[in-house]
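Following: one structure in structure tokens, then a few remarks.
The values are calculated or read from the model by the stated rules, or taken from the named source; none is laboratory data. Given the structure is predicted, the values throughout are model-derived calculations rather than measurements. Note that each Cβ is placed from the backbone with ideal geometry, even for glycine, and that neighbours are counted across all protein chains shown. Side chains are part of the model used for accessible areas, which takes the heavy atoms of the whole protein and leaves out ligands, DNA and RNA. Shrake-Rupley method; radii C 1.70, N 1.55, O 1.52, S 1.80 Å.
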Amino acid sequence: MERGGTLARRARAPWLHSAGVADSQAHCGRGARGCPGAACSAGSRPVAGSLAPVTLRLYDTAARGLREFVPLTPGEVGIYVCGATVQSSPHIGHMRSVVAFDVLARWLGRSGLRVTMIRNVTDIDDKILAKAAAAGEPWWAWAMTHEREFRDAYDALGVLRPSYEPRATGHVPEMVELIEQLVARGHAYGVADGSVYFDVRSFPEYGALTRQRLEDLSPADDGELAGKRDPRDFALWKASKPDEPATASWSTPFGRGRPGWHLECSAMAERYLGDTFDIHGGGLDLRFPHHENEVAQSRAAGRGFARYWLHHGWVTQSGKKMSKSLGNSLLVSAILEHTRPVVLRYVLTAAHYRSMIEYSDDTLREGQAIWERLAGFVSRASERVGALNAAQVAAAELPAPFVDAMDDDLNVPAALAVVHEHVRTGNTALADADATETRAALLAVRAMLDVLGLDPGASPWVGVGADDRAGAALDALVSAELDARAAARTARDFSTADAIRDRLARAGVLVEDATDGVRWSLASEQEGTS
Ligand SMILES: [Zn+2]
């Protein structure tokens, strides 16, 4: 007997410290991708048809090339991503960043690693103060309003929540400590007004991340100049100004002031990930000066800091980096008025994270068509062979070419080609009424799309309000009814069999006797309950 259900199984955040991942790690150091348990040899990862050794390669901006990813601590990975400066509403360019690192985190989680993802919130800076003042609002209320908008946008696009989202204003003591160490080591100095600067000439490695020579660099663009020894020195701590609100400064040994942007990330990354951590991520535009300054501060203070640097490409319009100045039509809220969130998610996921995404109305239209093809297959196949639950999707073996593509610096375009191949195979199997092949394709397609945050059968892309427990309970109850109906028919007790069918119909469950078994589905709202 086959059954079709339409309710969702909620996907599990892969970096949660779940029993599933821990169990897999117990016998498989790196592979939770359908680990076969006793059959899994140490150091190898089971994929469909092979037991190939793990080789995740990531493009490290600092090394200018692909490097095999080896976590600092076996079985774990720490990631720090520069989050939003919450000065205005989120636009599509901001979403590129979170989606890129969401796919990275999902893939590392699916590989069996316990992921700690830290994404900061810059909740105080010059622009926040200026915009809040112009709007006649307290700066902290302005920042919180926009922080909530960003969180809503991340949730709408199905981005898994990070392990922690530290705010800059909550980490002043850590910043003061770091500044004091830099001053003591001769890499920073205070000036008369109470600001503190990093002394770029004191640190010979300055410029190494972006391979620039100090003499070629322009003055630091931090709006401060007074008392700098060198115009390229950058602010670690900004003295409070008379026209700034008293709430925008903190008392420190250097005087009242507020954090420099670069310093925040060095302090917060260390607090949550330690002296040395695995991956630091951000947009291409953050390489200089932000990341160059972060690494200078942390390494000059004696820390190891990030071991791999990952930078994603931009969303462009007519080849130019998208920014708010291009207009409000690119705000996430404006796009979602006419586009389903999953289509925007698909568009942002489908390109390689290091490439540029040229954005136009056609981009969304193409994304919509492809999404419908994927979701349509999952829907038809689920009706035919029954819906799969989250545990089945999470435990499924992934096709080897998909694994190879993802291990190749997260080559999502190549990985999606494998998904499309399986959709084609699955559609052929559906047409041939081959339930075994259909189910195999459905499982592979959903498992692969789950890695990309695009599983049409899982939250949040399946019906709003769908719930694992409700779906499981309904499935069990309908199954029991259909088993009883089958038993009644076998006993030629047709009045009982018909009564069961009518009872299901009154509850809104339609039963269909097909040549290859019995299927059930929920009646549409128009069909209602009879
Ligand atoms: Zn940062």
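Just checking, which of V385, V403, V347 is open to solvent by less than 10 Å² (accessible area, probe 1.4 Å) and of a type in the set (A, V, I, L, M)? Walk me through it before giving the result.
Values: V385 fails: open to solvent by less than 10 Å² (accessible area, probe 1.4 Å); V347 fails: open to solvent by less than 10 Å² (accessible area, probe 1.4 Å).
After applying the criteria, what remains is V403.
Can you report the number of residues in region 134-177 which are touching a residue at least 40 places away in the same chain (Cβ under 8 Å) and small (G, A, S)?
Final tally of qualifying residues: 6.
Go through (1) open to solvent by 50 Å² or more (accessible area, probe 1.4 Å); (2) of a type in the set (D, E); (3) part of a helix (DSSP H, G or I) for E512 and report which single condition fails.
(3)
Among what's in region 311-347 and is of a type in the set (S, T, N, Q) and in a helix (DSSP H, G or I), pick the residue that is modelled with the lowest pLDDT. It would help to see each step written out before you state the result.
Looking only at region 311-347, we keep the residues that are of a type in the set (S, T, N, Q), and these are 316-318, 323, 325, 328-329, 333, 339.
Keeping just the survivors that are in a helix (DSSP H, G or I) gives 325, 328-329, 333.
Numbers: S325: 60, N328: 68, S329: 72, S333: 94.
Checking each candidate, the answer is S325.
Which members of region 415-440 meet the condition of being over 23 Å from A387 (Cβ atoms) and open to solvent by 40 Å² or more (accessible area, probe 1.4 Å)?
Selection gives A417 alone.
Checking P242 against (1) over 21 Å from D123 (Cβ atoms); (2) assigned to a helix (DSSP H, G or I); (3) open to solvent by 50 Å² or more (accessible area, probe 1.4 Å), which test does it fail?
Of everything listed in (1) over 21 Å from D123 (Cβ atoms); (2) assigned to a helix (DSSP H, G or I); (3) open to solvent by 50 Å² or more (accessible area, probe 1.4 Å), P242 misses just condition (2).
Has region 152-167 got at least one residue that is open to solvent by 50 Å² or more (accessible area, probe 1.4 Å) and closer than 30 Å to D199 by Cα?
The answer is yes, given that some residue of region 152-167 is open to solvent by 50 Å² or more (accessible area, probe 1.4 Å) and closer than 30 Å to D199 by Cα.
Hey, among G109, G136, which residue is crowded, with 22+ Cβ neighbours inside 10 Å and away from the ligand (no atom under 16 Å from the Cβ)?
Of the residues listed, the single one that is crowded, with 22+ Cβ neighbours inside 10 Å and away from the ligand (no atom under 16 Å from the Cβ) is G109.
Assess whether T85 counts as being modelled with pLDDT of 50 or more, within 16 Å of the ligand (Cβ to nearest atom) and within 23 Å of the chain's Cα centre (by Cα).
Answer is yes for this residue.
Quick one: would you say H352 is open to solvent by less than 50 Å² (accessible area, probe 1.4 Å), within 16 Å of the ligand (Cβ to nearest atom) and under 19 Å from V98 (Cβ atoms)? Can you show your working first?
Values: open to solvent by less than 50 Å² (accessible area, probe 1.4 Å): yes; within 16 Å of the ligand (Cβ to nearest atom): no; under 19 Å from V98 (Cβ atoms): yes.
So H352 fails the test.
Identify, from the list D199, D155, D193, D123, the residue that is modelled with pLDDT of 95 or more, under 21 Å from D243 (Cα atoms) and not hydroxyl-bearing (S, T, Y).
D123
Would you pick out the residues in region 230-271 that are within 16 Å of the ligand (Cβ to nearest atom) and hydroxyl-bearing (S, T, Y)?
S266
crowded, with 22+ Cβ neighbours inside 10 Å and either within 16 Å of the ligand (Cβ to nearest atom) or farther than 18 Å from Y164 by Cβ (or both): does that describe V70? I'd like the intermediate steps shown before the answer.
Numbers: crowded, with 22+ Cβ neighbours inside 10 Å: no; either within 16 Å of the ligand (Cβ to nearest atom) or farther than 18 Å from Y164 by Cβ (or both): yes.
Criteria not met by V70.
In the list L416, L364, which residue meets the criterion of being over 30 Å from E68 (Cα atoms) and outside any loop (DSSP other than H, G, I, E, B)?
L364
Being more than 16 Å from the ligand (Cβ to nearest atom), modelled with pLDDT of 95 or more and open to solvent by less than 60 Å² (accessible area, probe 1.4 Å) narrows it down to one residue among G282, G227, G274; which is it?
After applying the criteria, what remains is G274.
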